[in-house]
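The values are calculated or read from the model by the stated rules, or taken from the named source; none is laboratory data. For clarity, every value in this text was computed on a predicted model and none was experimentally measured. Methodologically, a virtual Cβ is constructed for each residue, glycine included, from the backbone with ideal geometry; neighbour enumeration extends over all protein chains shown. These accessible areas exclude ligands, DNA and RNA; they are computed on the full protein's heavy atoms, side chains included. Shrake-Rupley method; radii C 1.70, N 1.55, O 1.52, S 1.80 Å.
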Amino acid sequence: QVQLVESGGGLVQPGGSLRLSCAASGSIITVNGMGWYRQVPGKQRDFVAAITGDGITNYADSVKGRFTISRENAKNTVYLEMYYLKPEDTAVYYCNVEAATVHTMTLMDYWGLGTQVTVSS
């Protein structure tokens, strides 16, 4: 099993910044893609950003130029740096990791429990 621990959420004023972290632990053999999604109450979970094992990144149009995703492979950790935050960025942010463990021996998707980001004055 893979455990994902997210941190860094909170309340920030419009125009401010936050940095989210997500650390994966467990009997991990390899981690492939890592990413972030977000969800507001009553709506579907939306893609925010992703990064492959080779460091190739992809962003939702709504966050391009404002958010930066990165990863630290030695720590199985993915980060999301968020700048120029807007009220519409308010959501619960979920970490997503594709990993193989000694038990699964194949890549599977894992989700964190989410961290709240609120952008408000």
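For beta carbons closer than 6 Å, sequence separation of 6+ or different chains, a first residue in segment 32-46 that is over 13 Å from Tyr59 (Cα atoms) and a second that is assigned to a loop (DSSP other than H, G, I, E, B), the qualifying pairs are Asn32/Gly53; Asn32/Leu107; Gly33/Thr52; Gln39/Arg45.
Residues considered: Val92, Val119. Of these, the only one that is open to solvent by 30 Å² or more (accessible area, probe 1.4 Å) and in contact with a Pro (Cβ under 9 Å, 6 or more places away or on another chain) is Val92. Within segment 105-112, at least one residue is in contact with an Asp or Glu (Cβ under 9 Å, 6 or more places away or on another chain), of a type in the set (Phe, Trp, Tyr) and at pLDDT 95 or above. Does segment 34-56 include one or more residues that are among the polar types (S, T, N, Q), surrounded by 14 or more Cβ atoms within 10 Å (Cβ to Cβ) and not in a strand (DSSP E or B)? Among the residues of segment 34-56, at least one is among the polar types (S, T, N, Q), surrounded by 14 or more Cβ atoms within 10 Å (Cβ to Cβ) and not in a strand (DSSP E or B), which makes the answer yes. Would you check if there is a residue in segment 82-92 being of a type in the set (Lys, Arg), assigned to a loop (DSSP other than H, G, I, E, B) and closer than 20 Å to Thr118 by Cβ? Within segment 82-92, one or more residues are of a type in the set (Lys, Arg), assigned to a loop (DSSP other than H, G, I, E, B) and closer than 20 Å to Thr118 by Cβ.
Apart from one condition, Thr106 fits all of (1) surrounded by 14 or more Cβ atoms within 10 Å (Cβ to Cβ); (2) among the β-branched types (Val, Ile, Thr); (3) free of Cβ contacts under 8 Å to residues at least 24 places away in the same chain; the exception is (1). Within segment 17-28, being at negative phi, more than 15 Å from the chain's Cα centre (by Cα) and surrounded by 14 or more Cβ atoms within 10 Å (Cβ to Cβ) holds for one residue alone: Ile28.
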